[in-house]
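*Asks:* Structure in C-alpha cells, see below.
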Amino acid sequence: MIDRAVLWCFDHWLMLINGMVLVYGGLPWLSPLLISMGYTQAGRLLFYLYTPLCHQRPTQSFFLLGNQVAFCHREAAMYTALFVGGLIFARVRHTLRPIRFRLMLLLLLPLALDGTTHLIDEIVPSLALRSPNDAIGSINWWLRMITGVLFAVAVVLGIYPRLEQDLRPASGS
C-alpha cells in the first residue's frame, strides 16, 4: 500500500507541486479578503503566519480591498509565475529538456543581486544603492517583479524537467 502511494506521488508530482504552490501562493491573498469580509482574526492569523517568511513591508506589498497582502511584490511574482509555469510545463513536460545548470544560475543571479542591494540599503542607507521609491510601476517594483518571474523560469525550465526525468522512470510509466 505504501509502495502504491509513493508511486502515485511520483506519477503525480507536478500536480502535487502545483497544488502546494497554489495554496502557499494563494493564502496571502486570502488574508486581506478575510479581513474585508469581517473575519479579521482569521485574516490577521494568515498574515502573521507569513511574517517569518517575508518582510511584508507595506511599501513593497500589494493591497487588496484596502488590506495588505501577506507577502511582498517579489513573492507574488514568484509564486504566480511558478504556478502558471507549472501549468504550462504540464502541456510540454514530455518534450522539454532541462536547461543547463549555468543558465539556471544566470536566471537566479538578478534575484540575488536585487535582494542583496535592498538588504545592503537597509543596513547602510547612506550608500543609497537603490531608489527609495517602491511604488507600483517604479524601477524597484519592476526589478522585484522581473526577478521573481526569472526565479520561476529557472525552476520551471531547470528543475521541473529534471524531476520529470528522475521521477517518471521510478513509477514505471
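Read-outs: derived from the displayed coordinates by stated rules, not from any lab. All of these numbers come straight from a predicted model, not from anything done at the bench.
*Asks:* Which of these, Gln60, Gln68, Gln41, has the largest mean-square fluctuation under a Gaussian network model of the chain (Cα springs below 10 Å)?
*Replies:* Judging by the Gaussian network model, the answer is Gln41.
*Asks:* Angle between the Cα long axis of helix 40-50 and the longest principal axis of the chain, 0 to 90 degrees, nearest 10?
*Replies:* 70
*Asks:* Whole angstrom only: what separates the Cα centroid of the range 3-46 from the Cα centroid of the range 120-169?
*Replies:* 21
*Asks:* Compute the acute angle (0 to 90°) between the alpha-carbon long axis of helix 160-171 and the principal axis of greatest extent of the alpha-carbon atoms of the chain; round to the nearest 10°.
*Replies:* Approximately 30 degrees, to the nearest 10.
*Asks:* Per residue of the chain, what 222 nm ellipticity follows from adding -39500 (n - 2.57) for every DSSP H run with n ≥ 4, rounded to the nearest 500?
*Replies:* Numbers: 7 runs with 116 residues, N = 173.
Here the helix-only value at 222 nm equals -22500 deg cm²/dmol.
*Asks:* Quote the convex hull volume per residue of the chain, based on C-alpha atoms, as a whole number of Å³. Show your work: numbers first, answer last.
*Replies:* Details: hull volume 25.8 nm³, N = 173.
Taking only Cα atoms, the chain has a hull volume of 149 Å³ per residue.
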